[in-house]
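*Asks:* This is the structure I want to talk about, given as structure tokens.
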Amino acid sequence: MDNAIETELQAAAFRTLVAHLQKNTDVQNIDLMNLAGFCRNCLSKWYLAAAEDKGLEMDYEQARELVYGMPYSEWKSRYQTEASAEQKGKFAEAIQQQDQ
């Protein structure tokens with residue numbers, strides 16, 4: 001497989017992942033962090049870093065809007081729920097493990 005085809009496949013997989021996350025707004029970022037170690041904000045930061053590597057002007061809020069499918073503030077008010085004590089506990093445990 002040549003590099004161009006590989007890049008096209010990777011881009012298609014990324015677009016599918018982003019579309020899946022946009023559709024499944026019931027999945028909270030803390031759940032993603034607890035289960036997979038990344039969330040929508042992580043994807044936004046990775047997208048922004050890739051844009052900066054290419055010398056493109058973009059800010060974090062623009063990258064977030066691409067991942068969330070709307071401004072983050074709108075997504076947060078529409079879909080984000082308060083994290084439970086259990087979710088917060090799992091997240092704290094994961095952070096502790098990373099620091100070790």
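*Asks:* In whole angstrom, note down how far apart the Cα centers of segment 81-100 and segment 62-79 are.
*Replies:* Taking the Cα centre of each part, segment 81-100 and segment 62-79 sit 23 Å apart.
*Asks:* Same structure again: What does the charge count around Val18 come to, taking other residues whose C-beta lies under 15 Å from its C-beta (Lys +1, Arg +1, Asp -1, Glu -1)?
*Replies:* On the way: positive: Arg15, Lys23, Arg40, Lys45, Arg64; negative: Glu65.
In short, +4.
*Asks:* If contacts are Cα pairs under 8 angstrom and at least 6 residues apart, what is the relative contact order of the chain in percent? Intermediate values should be presented prior to the final figure.
*Replies:* Values: 57 pairs, mean separation 27.5, N = 100.
Computed value for the chain: 28 percent relative contact order.
*Asks:* Filter the GluC sites (Glu not before Pro) in the chain to those in DSSP coil with at most 15 other Cβ atoms within 10 Å of their Cβ, and list the result.
*Replies:* Sparse-neighbourhood loop GluC sites (Glu not before Pro): Glu57, Glu82.
*Asks:* Less than 13 Å Cβ to Cβ from Leu48, Lys/Arg counted +1 and Asp/Glu -1: what total charge do the surrounding residues give?
*Replies:* -2
*Asks:* Just tell me which aspartates and glutamates come within less than 19 Å, Cα to Cα, of Lys45; anything on the same chain fewer than 8 places away is out.
*Replies:* Asp31, Asp53, Glu57, Asp59, Glu61, Glu65, Glu74
*Asks:* In addition: Evaluate the chain: find the radius of gyration of its Cα atoms, find its Kirkwood radius, and give the ratio Rg to Rh.
*Replies:* Numbers: Rg = 15.4 Å, Rh = 15.1 Å.
Rg/Rh: 1.02.
Throughout, read-outs are computed from the coordinates displayed, never taken from laboratory work. Predicted model only: the values in this text are computed from it and were never measured. Here Cβ is always computed from backbone atoms with ideal geometry, including for glycine, and neighbour counts include all displayed protein chains.
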